[in-house]
Amino acid sequence: MPPLVKICGLKTIEEVDAAIRHGATHIGLNHYEPSPRYVDLKTAAELRKRAGAANVKVALLLVNAPQQLTGDALGMVRPDIIQFHGSETPEWLGVVKRLTPAEVWKAVGLKDAETLVRMQKYHGVADRILFDAPAAAMPGGTGTRFDWSLLKNHRHSIDWGIAGGLTPENVAEAIAATGAPLVDVSSGVESAPGVKDVDKIAAFLKAAGR
């Protein structure tokens, strides 16, 4: 079975349609204002409906969002997945998990083998761990990859996936190296920061086996 594929940081109907048309299983909508992929909640709700009509799951990405914003986002967008991409604690994920039917994902910057031990604190509260490159100035979407060999033969106790520096050219290698059940791409299918390239989306999904 090919892995699930999430195309993240989509901003327009055209981008969502391209991801759906070429076989994405998930899309990601970024509600983090400093990001060039930011969408407001009204736009996110519209894009969510478009993807939902095609049975493509929608993740809403938040970074250290306050309680009020998190509640507003969940209420307006009604995503299938809420993806936390900051320094959110297991306790906070547990609160959100109790209040929403959405899956709760946590992005974790994979720096070294010790990270794999530390992330066990999310067991029981995160439905999926998304291994990404260690955070730089911007959490996610930096085009930086981590050392895939860290995941070789690791026994996962939480559903997981990989992100960070994936492109149409290296995603097949990443899947082979890690056995990832889900791959997530953002900047790797762009022509400029925040501008998705339809041909790159198609190429990425083909290379990932969709």
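The values are calculated or read from the model by the stated rules, or taken from the named source; none is laboratory data. Fair warning: this is a prediction, and the values are worked out from it, not measured in the lab. Every residue, glycine as well, gets a Cβ built from its backbone with ideal geometry; the counts of neighbours run over all protein chains shown. Areas reflect the complete protein model, heavy atoms only, side chains present, ligands, DNA and RNA absent. Shrake-Rupley method; radii C 1.70, N 1.55, O 1.52, S 1.80 Å.
May I ask you to give the percent of accessible area on the chain that is carbon plus sulfur, with a probe radius of 1.4 Å?
Percent of accessible area from carbon and sulfur atoms in the chain: 52.
Taking 22 Å as R0, compute the FRET efficiency from the Cβ-Cβ separation of K42 and E14 and round it to 0.05.
The computed FRET efficiency comes out at 0.80.
Please sort by residue number the trypsin sites (Lys or Arg not before Pro) in segment 69-175 whose DSSP state is loop and whose Cβ has at most 10 other Cβ atoms within 10 Å.
Taking segment 69-175 and a limit of 10 other Cβ atoms within 10 Å, the loop trypsin sites (Lys or Arg not before Pro) found are K152, R155.
To the nearest 0.05, how large is the calculated FRET efficiency for M1 and E33 if R₀ is 35 Å and r is the Cβ-Cβ distance?
The formula returns an efficiency of 0.40 here.
Write down the accessible area per residue of segment 1-97 in Å², having rolled a 1.4 Å probe over the full set of protein chains.
Per-residue accessible area for segment 1-97 comes out at 43 Å².
Could you give log10 I(q)/I(0) at q = 0.16, 0.24, 0.26 Å⁻¹ for segment 121-210, computed by the Debye formula over C-alpha point scatterers of equal weight, without solvent?
-0.65, -1.26, -1.37
Which of G209, G165, G179 sits farthest toward the positive end of the charge dipole of segment 159-210, with +1 on the Cβ of Lys and Arg and -1 on the Cβ of Asp and Glu?
Checking the options against the dipole of segment 159-210, the answer is G209.
Fully extended, how many nm does the chain gain between L99 and A192 (0.36 nm per residue separation, minus their Cα-Cα distance)?
Gain in length upon complete extension: 29.8 nm.
Using a 1.4 angstrom probe on the protein heavy atoms only, line up V195, V58 by accessible area, largest first.
If we order V195, V58 from most to least accessible, we get V195, V58.
Taking the Cα centre of segment 32-93 as the origin, how large is its charge dipole in debye, to the nearest 20, when only Lys and Arg (+1) and Asp and Glu (-1) carry charge on their Cβ atoms?
The calculation lands at about 360 debye.
If you take the charge dipole of the chain about its Cα centre, with +1 on Lys and Arg Cβ and -1 on Asp and Glu Cβ, which of G194, A113, W92 is farthest toward its positive end?
Ranked along the dipole, the leading option is W92.
Show M119, M1 ordered by accessible area, largest first, where the area counts protein heavy atoms only and the probe is 1.4 Å.
So, going from the largest accessible area down, we get M1, M119.
Return the label of the correct value of mean projected area of the Cα convex hull in nm², as calculated from the structure shown, out of (i) 14.9; (ii) 11.8; (iii) 10.3.
Calculated mean projected area of the Cα convex hull in nm²: the matching label is (iii).
Fully extended, how many nm does the chain gain between T144 and K206 (0.36 nm per residue separation, minus their Cα-Cα distance)?
Between T144 and K206, full extension yields an extra 20.2 nm.
Each label point is 7 Å from the Cα along the Cα-to-Cβ direction; what then is the distance between the points at H156 and N170, in nm?
Here the answer is 1.9 nm between the modelled labels.
For the chain, what does the helix formula give at 222 nm: sum of -39500 (n - 2.57) over DSSP H segments with n ≥ 4, over the residue count, nearest 500 deg cm²/dmol?
Estimated from H runs of four or more residues: -9000 deg cm²/dmol.
Give, rounded to the nearest 20 debye, the magnitude of the charge dipole that the chain has about its Cα centre when Lys and Arg contribute +1 at Cβ and Asp and Glu contribute -1 at Cβ.
That gives a dipole near 420 debye.
Evaluate E = 1/(1 + (r/R0)^6) for A53 and V117, where r is the Cβ-Cβ distance and R0 equals 35 Å; express this FRET efficiency to the nearest 0.05.
E(calc), rounded to 0.05, equals 0.25.
Dipole of segment 63-138, Cα-centred, from +1 at each Lys and Arg C-beta and -1 at each Asp and Glu C-beta, to the nearest 20 debye?
120 debye
When the chain is modelled as a GNM with alpha-carbon springs shorter than 10 Å, which of A19, A163, A113 fluctuates the most?
A113
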